[in-house]
1. For each of Val286, Val151, Val230, count neighbouring Cβ atoms within 10 Å of the residue's Cβ, then give the residues from fewest to most.
2. Compute the helix-to-body angle for 17-30: its Cα long axis versus the longest principal axis of the chain, expressed 0 to 90° and rounded to tens.
3. For the range 11-145, just list the percent of Cα-Cα distances falling in each 5 Å bin from zero outward, please.
4. Using every Cα-Cα pair within the chain, state what percent have a distance larger than 34 Å.
5. Which order do Glu252, Glu247, Glu112, Glu168 fall in if you start with the one that has the fewest other Cβ atoms within 10 Å?
6. Which log10 I(q)/I(0) values does the range 3-70 give at q = 0.14, 0.15, 0.16, 0.18 Å⁻¹ under the Debye formula, counting every alpha carbon as one identical point scatterer?
7. Roughly what angle does helix 140-161 make with the longest principal axis of the chain, taking Cα atoms, 0 to 90 degrees, to the nearest 10?
8. Project the alpha carbons of the range 197-273 onto their principal axes and report the range along each, largest first, in whole Å.
Amino acid sequence: MPRRVAVLTSGGDAPGMNAAIRTVVRAAIHYNMEPWAIYRGYHGLIRGEMEPFTSRSVSGIIQRGGTILKSARSDKFMTPEGRDEAVAMLKKHDIEALIVIGGDGSFKGALELDKLGINVVGIPATIDNDIACTDYSIGFDTAVNTVLDAVNKIRDTASSHDRVYVVEVMGRHSGHIALYSGLASGADVIIIPEVPCSVKHVCDRIKHANQQGKTYNIVIVAEGAKPEGVEGNFEGPAMAVGKYIKEHTGFETRVTILGHIQRGGTPTMRDRLLASRLAYHAVELVYQGKSGRMVGEVDHVVQSWDLHYALAQEKDINLEYYHLSNILSSL
Ligand code: F6P
């Protein structure tokens, strides 16, 4: 059993990270290990921004979004010299094990530390839900609920003005947020990177819906989607899609880009439970001297996976949800 275990958060923050930090600290104490906190991810690790935590250090944070440990990018950690400095800093503080809360980029960094002899365990936390070997990552449920709240409001104004609304949601390379929020909000069209889709097809669906008596439409598009038929090197697709719809259907169209509000807010019950369960298992693995593992929840069962294996897997999109949404919105 390692005497000291440190925890850091890395990559984009996600609601529920604080609930995971709280559990890591308290579970470590439960297993008679000393919890240490590292601030600003790998950047702070290299700089020695760390301190011992007590149970009281994590009081009153279970309901808070963001991460009390902060998050940062580190170019230096991408270099072998930077990683050597990180390991030296951990050794200087007698820290033998590290728990990394974050997404796939953070886990790649964790694997490098594993190779250098530090025991590492990863806890998946990203609103994008693009990590394999877990049904959900921490933060996804809260983010989707934030989108639903926004789309409910957009629906009010869309119906009042008989307009098409194109709503862009996060998901740099993945459509999980768009898919879940699209199905749960009753969107007419969902555009995601994983399923080819042309803007002409989007317009056809809108026109068809109009013929069915629909007076307004909601189109949800993932920021990483690249629908066929819209040109250009744009940051996200929503503006181009909105322009195309307006020009090719004649319907009054508005675009809303939800942006970083999706990353904030108080975590939902699901994210708090997921964070607590995953983080507890991560500490158990550390206590058992395991390394190079990622914890995940599959079919409600918490388990762990070889981190290397998990990173090599593609996270599948739920096509059943996609088809269901298509059926329900075409009537
Ligand atoms: O956390 C993941 C994510 O939300 C992506 O969907 C998005 O593209 C990205 O983070 C934006 O992150 P930032 O603006 O902080 O670089």
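Every number here is computed from the coordinates shown, using simple stated rules; none is lab data. Owing to the predicted nature of the structure, the values given are computational and were not obtained by experimental measurement. Cβ placement follows ideal geometry from the backbone for every residue including glycine, while neighbour counts extend to all protein chains displayed.
1. Values: Val286 27, Val151 23, Val230 18.
By the 10 Å Cβ count, ascending, the order reads Val230, Val151, Val286.
2. On a 0 to 90 degree scale, this one is about 30.
3. Binned Cα distances yield the sequence 2, 10, 20, 24, 21, 15, 7, 1, 0.
4. Working: 16531 of 54615 pairs.
Here the tail beyond 34 Å accounts for 30 percent of pairs.
5. On the way: Glu252 14, Glu247 10, Glu112 19, Glu168 25.
The fewest-first ordering by Cβ neighbours comes to Glu247, Glu252, Glu112, Glu168.
6. Rounded to two decimals, the profile gives -0.37, -0.42, -0.48, -0.61.
7. It works out to around 20 degrees.
8. If we take the Cα atoms of the range 197-273, the spans are 44, 34, 20 Å.
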